[in-house]
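Remarks on the structure that follows.
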Amino acid sequence: MIFSGQILKMSSQLAEPIQYFLNLNDDLISMNQIFGKELRIKHIGYQCVNCGSDEKIYRMGFCKKCFFESPYASDTIIRPELSTAHLGIAERDLEVEKSIQLVPHVVYLSYTGDVKVGVTRETQVPTRWIDQGATFALPIARTENRYEAGMIEVELKQHIADKTNYKKMLMSEFESDLDLKEFRDKISEYFPKDFKQFASDEEDIVKLDYPYTAPGKVNVFTLDKQPEFTGILKGIKGQYLQFEGDYFINVRGHEGYVIELEIK
């Protein structure tokens, strides 16, 4: 079977294990069902996720023009503390920014080889944790908008990581005695005083089960350096496809690339 189309991040469904789906031009491919099969991936072009142009992808699935102009690629996507929609101030498009920023957000701790702090819209739980390959996660604050969540994260990330070390995540280095609730209590002193009313003492840690076995090493390839790859699909964690021989590709890192996918 041969499919072709624009890469977007895989959609997922919370289950044991997590179910993954790749959408190529409305062909929805259940990735879990093709474990053990040989795949051939060939890069054949680009399609910006915003304007649809065939210009080379610059970052995050956007062509260069859209990356610097689209509200979906604004600085507040990466740095929520810069949000200004709650003040009625536009960065690029106020109505779009309101729809993203003026909704409930969650500040959380997750374990991805290390404990990290992060921010996501409430509607993106647990998708955000799945996408980053978290083994487990715990909300520590619930806010009314993105700015409030960002200000909490800014303070906490002075003391703990806010980025995922993808190699540690893929190697599944797991501290079995780690308790996120205890970790939350230990860092509570760093919680910004002006935002303490948003703190949450939730007890339910979300545990995530991936269709995946830890590799002996991690060899990540990109379609920029290797425009055609053939390998046997072994598993998935986060947005990484795992192939026989400990080879990995980050699907989300290739958003906007157009590929030909052959399932043998």
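All of the numbers you see were taken from the coordinates with simple rules; none came from a lab. Bear in mind the structure is a predicted one, so any value in this text is a computation, not a measurement. Heads up, the Cβs are rebuilt from the backbone with ideal geometry, glycines too, and the neighbour counts pull from every protein chain shown.
Expressed as a whole percent, how much of the Cα-Cα distance distribution for region 1-108 exceeds 24 Å? Let's see the in-between values first.
On the way: 2621 of 5778 pairs.
Pairs farther apart than 24 Å: 45 percent.
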Item to check | Debye intensity ratio I(q)/I(0), log10, region 74-207, q values 0.12, 0.13 Å⁻¹ (C-alpha model) | outcome: -0.45, -0.53
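Structure shown: which of Lys56/Lys234; Lys168/Lys217; Lys9/Lys237; Lys116/Lys157; Lys56/Lys168 lie over 19 Å apart, alpha-carbon to alpha-carbon?
Values: Lys56/Lys234 30 Å; Lys168/Lys217 10 Å; Lys9/Lys237 13 Å; Lys116/Lys157 8 Å; Lys56/Lys168 30 Å.
From the list (Lys56/Lys234; Lys168/Lys217; Lys9/Lys237; Lys116/Lys157; Lys56/Lys168), the Cα-Cα distance tops 19 Å for Lys56/Lys234; Lys56/Lys168.
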Next on the checklist: Based only on other Cβ atoms within 10 Å, what is the fewest-to-most ordering of Ile152, Ile41, Ile77?
Outcome noted: Ile77, Ile41, Ile152
Checklist entry - Any idea how far the Cα center of region 189-258 sits from the one of region 119-170, in Å? => result 14 Å
Checklist outcome for this item: If Leu138, Leu14 are placed from fewest to most neighbouring beta carbons inside 10 Å, the sequence is Leu14, Leu138
Next on the checklist: Checking a compactness column here: for the chain, what do you get for Rg(Cα) / (2.2 N^0.38 Å), N being the number of residues?
Outcome noted: 1.05
